[in-house]
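Structure first, then comments.
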Amino acid sequence: MRKILLILFVLCTALMPSSVWAQELDATVTFNTRQIEGTNTAVFDNLQRALTDFLNERQWTNLQFRRAERIRCTFNFTVQQYDESDHRLNCVLTVTATRPIYNATYTTTTFSTRDGSVNFRFQEFDKLEFRPETIDNDLTAILAYYAYLIIGWDLDTMSPKGGTEQLQMAQSICNNAQSLQLSAKGWKAFDDGKNRYAVINDYLDGAMEPFRLMQYEYYRKGLDQMAENAERGRAAITASFEQLAKARENKAMSLLPQLFTEYKADEIVNIYQGKSTQKEKDFLVDLLGRINASKNSSWNRIRN
């Protein structure tokens with residue numbers, strides 16, 4: 001009897017942790033249809049549910065994420081045109097991902113972009129399928145690309161270049177989508193300096209390695225340490241900006257440093273405003289101004 005109980009105990013212990021494992025993403029999908037008022041938009045309710053299930057129920061990697069570790073992200077579609085007869089949509093997609101800061105109630109944006117080339121066909125009750133080796137659908141290719149990009153980018157904040165495998169998957173999707181000449185734009189080189197091709201190829205470019213290493217230094221060595229020691233965390237963040245400057249020097253045409261400073265501007269100001277030395281403030285205002293002059297009004301607030 002004791003042997004039976006022991007075997008049952010071991011089996012239960014082995015099985016219990018599996019209940020806490022979950023998929024990688026905790027995605028929220030929304031559709032803004034104000035620009036197509038007067039059109040029958042009932043199809044978008046079904047589409048929203050289908051996309052939410054596609055992103056959240058699929059296991060994108062072999063990694064084990066606990067439920068509390070799922071990456072929170074939003075996919076906001078603004079529908080600009082809808083051809084009801086052809087079931088074709090032209091949209092602007094805003095993708096944003098966040099992650100919690102250790103020992104704090106604060107969450108921080110890790111990635112945000114606006115994709116103006118999201119065009120696809122969807123008929124109500126279409127089944128969404130994705131096979132990495134066979135890219136044959138605009139919509140699922142775009143969603144899978146961003147899923148892998150978000151996961152890889154997040155893993156880079158946890159360990160140096162920790163998301164390489166997932167980022168390479170995003171790059172592979174992009175390359176395969178080009179070869180199939182899908183109807184949607186955004187996959188090809190030189191179409192747009194901020195399109196899907198440009199983002200992933202810049203991020204994995206060897207010259208931009210300092211930008212990837214900055215992710216770990218900024219988040220894990222910087223923000224995650226601030227609750228325990230604000231001075232130490234802020235010093236690590238300041239050091240991470242030297243990597244940002246190096247990436248800018250290595251590849252001046254890359255828009256990634258500018259993209260980063262766009263969605264991190266308010267956070268950066270809050271980190272330093274009224275809490276740093278004048279020398280450090282002057283260094284940051286000069287560096288950030290050279291990377292993104294459009295945010296100079298924000299950078300000047302650092303000096304206050």
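Here, each number is a calculation from the coordinates, and none is a lab measurement. Keep in mind that what you see is a predicted model, and the values were worked out from it rather than measured. We place every Cβ from the backbone using ideal geometry, glycine too, and count neighbours over all the protein chains shown.
If you take all other residues with their beta carbon under 11 Å from the beta carbon of THR94, and give Lys and Arg +1 and Asp and Glu -1, the sum is 0. Please return the longest range in the chain lying between exposed loop sites, taking chymotrypsin sites (Phe, Trp or Tyr not before Pro), DSSP loop only, at most 14 other beta-carbon atoms within 10 Å, and leaving the sites out. Here the longest run is 191-304. Region 230-259 and region 262-295 have Cα centres separated by 11 Å. Local charge for ALA247 was computed over the other residues whose Cβ lies under 11 Å away, with Lys and Arg +1 and Asp and Glu -1, and equals -1.
Cross-link reach is defined here as a Cα-Cα straight distance under 27 Å, omitting same-chain residues fewer than 8 places apart; for LYS295 the lysines meeting it are LYS194, LYS221, LYS246, LYS251, LYS264, LYS275, LYS279, LYS281.
Treating each Cα of the chain as one equal point scatterer and applying the Debye formula with no solvent, the log10 of I(q)/I(0) at q = 0.11, 0.12, 0.13, 0.15 Å⁻¹ comes out as -0.74, -0.86, -0.98, -1.20.
Residues of region 57-90 with backbone nitrogen within less than 13 Å of a virtual label 7 Å along the Cα-to-Cβ line of GLN48, please, listed as ranges. Under 13 Å, as judged by backbone N against the label point of GLN48, lie 75-79 of region 57-90. Only aspartates and glutamates eight or more places from LYS188 in sequence, or on another chain, were considered; those with a Cα closer than 19 Å are ASP115, GLU133, ASP136, ASP138, ASP202, ASP205. Dipole size of the chain about its Cα centre, with +1 on Lys/Arg Cβ and -1 on Asp/Glu Cβ: approximately 1000 debye, rounded to the nearest 20.
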